[in-house]
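The structure appears right after this line, and notes come after that.
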Amino acid sequence: MKITRARISNFKSIGTSENVIELASMVTAIVGKNESGKSNILESLGKMNTLTSLPNDYSRCMTRDQAQQPVVELTLEFTEQDKVTLQKELGSSSSVFTYRIGSVAIEGSFADLLTADDELMAIIASIGSFPSGTLGLQQGELSVFNACIGSIKSIPTKLFENYSQRLTTTKANASRRTVANGDTLIANVDRLIEILNRYYTLIPQIYFRTTNSILSDNYTSKDIKETHLKKAGIFRSLLTAAGINDSTIIDAFEKPTDGDKRTAQRKFDKAIQDGVVAKFNEFYKQEEIKMDISFDAQSIKFFILTEDKAMSFSERSNGLKWFFSLYIDVLAKIDPDRPTFYLLDEPGVYLHVNAQRGLLELFDELCRQGGQVLYSTHSPSMLKTEDTSNVRAVQKSLDGMSHIFNSIYHPGLDGDKASKLETLSPLINFIGMEMKYNLSPLSGKKNLIVEGYTDYLYITAMLNYLNIAEDKRPAIIPSSGVDNIIHIASILSGWGCEFSILVDFDGHGYQAAINIQKKLKRNWGEDIFFVSSTLPAKKSDVDGPNAMTIESLVSASDFSKLTNDYSQDGSLKSLSAKEFAEKVKSGTITLSDTTIANFTNLFFALHIVERETNVPLSSYEDPN
C-alpha cells in the first residue's frame with residue numbers, strides 16, 4: 001500500500017488547521033525556514049515506527065495550550081503489487097487509518113477487504129464464541145484472554161496490535177488444559193496469524209532517520225564491548241544487517257588461541273562481505289565497492305579497495321560513506337517483505353552538490369523497490385529539476401503554529417516578502433540551477449539566446465502547447481541578464497553556432513540590441529528580435545507603458561489561472577513561470593486566444609514557424 005496523505009493533529013507545533021500533507025507516490029520534499037515545523041511533520045510520522053499505533057509518549061507531544069491528544073490519520077491506497085500478492089482484484093477506493101494512543105481505527109477499502117474474506121470472518125466468529133470459562137484460567141489470565149478475544153472481534157474495524165504475540169499467548173492458554181474444541185481453537189489461532197500476516201504486511205513500515213551517523217574506520221575491542229554492543233548505533237546496525245551475533249565479534253578478540261580468533265575473524269569477514277557489501281553493490285551503481293577488514297589485537301579496521309589500493313573508510317568521499325551507512329541502517333531495521341515509508345530529516349546535509357544529486361537517484365531506487373520517501377531540505381540541489389509538484393512548503397504563523405502547503409504556489413503562503421523568500425529560497429535557487437544541468441548550445445541547430453530562465457520557461461511551455469514540431473524548435477539558452485547576452489553570443493559566434501537573440505521591448509533590451517548590432521554586426525529582424533514581435537524605430541518606442549517583457553505576452557485572464565500572480569514581483573516571478581510551465585506540461589490549463597496569438601506572432605517573427613503556415617486561431621487544436 002502507498003500512503004497518499006497524512007493529517008497530523010495536535011502534535012507539537014501542528015494544530016488542526018492546514019495540517020494535511022499530500023504525499024507523492026514516490027518522493028516528496030518539504031521546504032521551509034528553520035523552526036518552521038518540518039522536523040515535527042517527520043517526527044509525528046516517524047515515532048509511529050511500525051504503524052501499529054501512537055506510542056504513549058505522544059501525550060508529551062501535544063500542541064501547547066491544547067487539551068486534545070495527538071491524532072494521525074493516514075490515507076492509503078492499494079498498489080498493483082498488492083493485487084499480485086493477494087491474487088485478487090482490489091477496489092480503487094482509499095483506506096483511512098486513524099491512529100490514536102492505544103488504538104487504530106480502519107475504514108474504507110482495507111476494512112472492506114477484511115470483511116469480504118469469508119475464511120477470516122468465520123475464524124473470528126468461531127474464536128469469538130469460544131467459552132473462555134472452560135479454560136480454568138486465573139482472573140488475570142482470563143482478563144488478558146478476553147481482551148484478546150475482543151480485539152479479534154474488532155479486526156474488521158480496528159488494527160489488531162501486537163497480534164502475533166497476543167495470539168501466541170492465547171494459544172498457549174488454550175493448550176494448558178484439555179477442553180472441548182481446544183484443538184479447533186488452537187488451529188484457528190494459527191490460521192488467524194497467517195491471514196493477518198498476509199494482510200498486515202501490505203501496510204508500510206516506517207524507517208525514520210534523524211541522524212547522519214557514519215560508520216567509522218576503526219573500532220577498538222574495548223569500545224565494542226563497553227559501548228557499541230550495548231546501544232543502538234551504526235556498528236550495531238552493521239552486525240544486525242550481516243547477521244552477526246555478539247559472541248562472534250567478541251571471539252575475534254578474546255578466543256584463547258590464535259586459530260580460534262582467526263576462525264571468528266574470518267566468519268565476521270564473510271558475513272560482512274556476503275550479507276552487506278554484496279547486497280550494497282547490487283544497489284549502488286556508481287562503482288563496485290570492495291571492503292577489506294583487518295583485525296589486530298585491540299581493534300578492527302575497515303578499508304575500501306580501489307584498484308587494489310586500500311584506503312581507510314574515512315578517506316573515501318562523504319557521499320560513499322553516507323550511502324553505505326544509510327544502506328547498513330536500512331538493511332538492519334526494515335522487513336524486506338513489507339513496503340517501507342522512508343522519513344529523512346535533512347539528508348545529505350554535509351554532502352557536496354554532486355553527492356546530493358546522487359542521493360536523489362538513491363531515493364528513486366528505494367521507490368522502485370516499493371518504497372516511498374519523505375524528506376526535508378534546505379538545499380536546492382536536493383530538489384528534482386523535472387517539476388516541483390512533489391514539493392511541500394511549511395510556514396509558521398505569528399502564533400507559533402505550523403501550516404502545511406501542498407503547493408509552493410499556494411496563496412496561503414503569505415506574510416512579508418522576506419519571510420516568503422526565505423521559505424521558498426531552495427525553490428528559487430533550484431529554478432536557477434536548472435540551467436546548469438539541462439541547457440547547452442547545439443551545433444547543427446538554431447540557438448535562441450534569451451535574457452533569463454523565465455523566458456526559457458514561457459517559450460518552452462508555449463512551444464509545447466502549440467505542438468511545434470521538434471525539428472522546428474531552437475535550443476533555448478538563457479542568459480543571466482540582458483547585459484550578458486553579448487558574451488554568450490560572442491562565444492557561440494566563435495564556435496560557429498547559428499543563433500538568434502530575443503530581448504525585452506524596454507530600455508535595457510533596446511540598448512543591448514544596439515550594442516550587439518555594433519559589436520557583432522548582427523541585424524535587427526534577422527538575428528536580433530524583441531518580445532513584442534515588432535522592431536522599435538527609436539528609444540521612445542520602448543519607454544513607459546509601451547515596455548514589454550515575456551510576461552506581457554500572457555493575458556491577465558491566464559495569469560489569474562495560476563495560484564499566485566508573481567509577474568509583478570521580480571524576486572518571485574520565476575515561480576510564476578515555473579507554475580505556468582508545469583500546468584502546460586500536465587495539461588491542467590487552457591490558455592486564452594490572446595496568449596496563443598501573442599506567442600504565435602513571436603514564433604513567426606523568430607522564424608520558428610513559417611509565415612505560410614499561419615492559420616486562424618480558431619483552427620488550432622487545443623491539446624487539452
| request: Show the residues, 5+ positions off or on another chain, whose built amide H is closer than 5 Å to the amide H of residue 208. | output: 343
| field | Estimated [θ] at 222 nm from DSSP helical runs (n ≥ 4, -39500 (n - 2.57)) normalised by residues in the chain, nearest 500 | value | -12000 deg cm²/dmol
| query | If R0 is 41 Å, what FRET efficiency do you get for residue 520 and residue 592 from their C-beta distance, rounded to 0.05? | reply | 0.65
| query | If you plug each phi of region 69-84 into the Karplus form 6.51 cos²θ - 1.76 cosθ + 1.60 with θ = phi - 60°, what whole-Hz ³J(HN,Hα) values come out, in order, with x for Gly and Pro? | reply | 6, x, 9, 10, 10, 9, 10, 10, 9, 5, 9, 4, 5, 4, 5, 5
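What is region 487-559's relative contact order, in percent, from Cα pairs under 8 angstrom and six or more apart in sequence?
Result for region 487-559 is 34 percent.
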| How far is it, in nm, from the label point at residue 222 to the one at residue 607 when both lie 7 Å from their Cα along the line to the Cβ? | 8.0
| task | Would you pull out the residues with amide H under 5 Å of residue 477's amide H, same chain only if 5 or more places away, H placed 1.01 Å from N? | result | 448, 449, 450
| query | Which one is right for this structure if volume of the Cα convex hull per residue in Å³ is calculated from it: [x] 178; [y] 167; [z] 216? | reply | [z]
| residue 373 long-range amide H proximity, modeled H, under 5 Å | 27, 28, 342
| Relative contact order for the chain, counting Cα pairs under 8 Å that sit 6 or more residues apart, in percent | 13
| request: Could you tell me the distance between the Cα centroids of region 531-566 and region 438-510, to the nearest Å? | output: 18
| Which order results if 106, 328 are arranged by neighbouring Cβ count within 10 Å, fewest first? | 106, 328
| note | Diffing region 107-122: the Karplus 3J(HN,Hα) column from phi (6.51, -1.76, 1.60, θ = phi - 60°), in whole Hz with x for Gly and Pro, holds 9, x, 5, 5, 4, 4, 4, 5, 5, 7, 7, 4, 5, 4, 5, 5
| request: Using a 10 Å cut-off on Cβ atoms, rank the peptides 59-68, 331-340 from the highest mean neighbour count down. | output: 331-340, 59-68
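Given a Förster distance of 30 Å, report the FRET efficiency between residue 56 and residue 406 from their Cβ-Cβ distance, rounded to the nearest 0.05.
Working: r = 31 Å, r/R0 = 1.02.
Efficiency computed from Cβ-Cβ geometry: 0.45.
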| remark: So for R0 = 56 Å, FRET eff. of residue 22-residue 292 from the Cβ-Cβ r, to 0.05, ends up at 0.75
| query | Which whole-Hz ³J(HN,Hα) couplings does region 250-258 yield from phi under the Karplus relation 6.51 cos²θ - 1.76 cosθ + 1.60, θ = phi - 60°, glycine and proline marked x? | reply | 5, 4, 4, 10, 10, 4, x, 10, 4
| remark: Hits in region 306-321: amide N under 11 Å from the 7 Å Cα→Cβ extension of residue 352, namely 317-319
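Every read-out reported here was derived from the displayed coordinates using simple, explicitly stated rules and does not represent laboratory data. Just so it is clear, the model here is predicted, and its values are computed rather than measured. Heads up, the Cβs are rebuilt from the backbone with ideal geometry, glycines too, and the neighbour counts pull from every protein chain shown.
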